[in-house]
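Working notes, beginning with the structure itself.
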Amino acid sequence: MSLTNSQYDAVMRRYDEIRERNRFTERQHFLEISEKLPGVTAIDEEIAALSLRAAKDRIASPSTDLAAYRQALSKLSEKKRHMLEEAGYPADYLDPLFDCLRCHDTGFTEDGRHCSCFDRISSELLYGDPALLAHIKSEHFGRFSFSYYSDNILDEVSGKTQRELAEEAVRAAKGMFDGEGIRGSLYIYGNTGVGKTFLTHCIAAEAIARSLSVLYFSAGSFFDHLAESAFVHDGRRDGGRALIDGCDLLVIDDLGTELDNAFTSSELFRVVNERGMKKLSTVISTNFSLKDLAQAYSERILSRITSDYTIIRLTGEDIRIRKKLSGGRL
């Protein structure tokens, strides 16, 4: 993903903060063990001294066999870990701390490529609203309740009950996740207040929990962001558009509430088409049926959606109104 200079600097500052936090915690661990288990820190000093001697020997004579050093270091490390465990501490209590074991909090893997955590942090920076991100994380699949959907009322379109449709929707949403990754795209439609946005939050929260890069937009902010990204900043095209085209999961909530014009139609097709060719996951929620979608945008968007997306319909009464009328007892 391409970032502007300012965006790149912001990502790297986040890594600086992560490393500083972990180094502080490491120091606290070391001071604690130095006070309570001085024998352990003495072993650490032996390990450091022995490692230094090995390095000097190798520099003085590149052909030096370091097997004896390695064996001695291994025994010292094992002794240290054993002493920690005997005292009730984790064996790795004094090991270096990293949020990401793959890149050791640098943002880059050994082959020089961006780590997956780099893309995730880049995505999080584009939210611009920490409250929204926190809200999304709190609305997970475990909180999705089927009690709001009737077992008796049939949907005229599908002939299924409201609850059956909701159960199918959640199965499809959960089915997007394969191991640590995500696959497939969803088009979720239905009338207002039937749980579409909540379901998109569940999907986004699950993706974030798996350290995938996620961008979540209301339709209005989505097109506003694309319009802003059309300008050049820092001497190069804004990286926001590249992030939208390349993140693991893109969520567009409430499609159809934005100002309709030629730009929104062309950009929606461009994004849907680009992500479809890359086989990246997109979730769209809307009040628009497929017929409404074609009328509001274009037949080519309808063609892309029906070809690449699983179509999900939710029906029922407005859950927010029901909650309010019941005093939150539902």
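The values are calculated or read from the model by the stated rules, or taken from the named source; none is laboratory data. Note that the structure is predicted; figures quoted are calculated from it, not measured. With ideal geometry, Cβ positions are generated from the backbone for all residues, glycine too; neighbour counts draw on all protein chains shown.
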Checked pairs for the stretch 189-214, first under 17 Å from residue 147 (Cβ atoms) and modelled with pLDDT of 85 or more, second part of a loop (DSSP other than H, G, I, E, B) and among the hydroxyl-bearing types (Ser, Thr, Tyr), C-beta under 7 Å and 6 or more apart or across chains, list as 194/315
Checked against (1) crowded, with 21+ Cβ neighbours inside 10 Å; (2) assigned to a helix (DSSP H, G or I); (3) touching a Ser or Thr at 6+ places or on another chain (Cβ under 9 Å), residue 197 satisfies every condition except (1)
Counting only residues in the stretch 162-181 that are at pLDDT below 95 and in a loop (DSSP other than H, G, I, E, B), the one surrounded by the fewest Cβ atoms within 10 Å (Cβ to Cβ) is identified as 179
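Would you confirm whether or not the stretch 249-270 contains a residue that is farther than 18 Å from residue 188 by Cα, in contact with an Asp or Glu (Cβ under 8 Å, 6 or more places away or on another chain) and modelled with pLDDT under 95?
Taking the stretch 249-270 as the starting set, the residues that turn out to be farther than 18 Å from residue 188 by Cα are 259-267, 270.
Checking the rest, the ones that are also in contact with an Asp or Glu (Cβ under 8 Å, 6 or more places away or on another chain) come to 264.
Now drop any that are not modelled with pLDDT under 95, which leaves 264.
For the stretch 249-270, residues farther than 18 Å from residue 188 by Cα, in contact with an Asp or Glu (Cβ under 8 Å, 6 or more places away or on another chain) and modelled with pLDDT under 95: present.
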Scanning the stretch 272-310 for residues that are hydroxyl-bearing (Ser, Thr, Tyr), in contact (Cβ under 8 Å) with a residue 60 or more places away in the chain and more than 22 Å from residue 177 (Cβ to Cβ), the one surrounded by the most Cβ atoms within 10 Å (Cβ to Cβ) turns out to be 286
Here the residues within the stretch 182-194 that are over 14 Å from residue 250 (Cα atoms) and surrounded by fewer than 21 Cβ atoms within 10 Å (Cβ to Cβ) are 191, 192, 193
When restricted to 312, 301, the only residue assigned by TED's automatic domain parsing to the domain that holds residue 155, assigned to a strand (DSSP E or B), hydrophobic (A, V, I, L, M, F, W, C) and modelled with pLDDT of 90 or more is 312
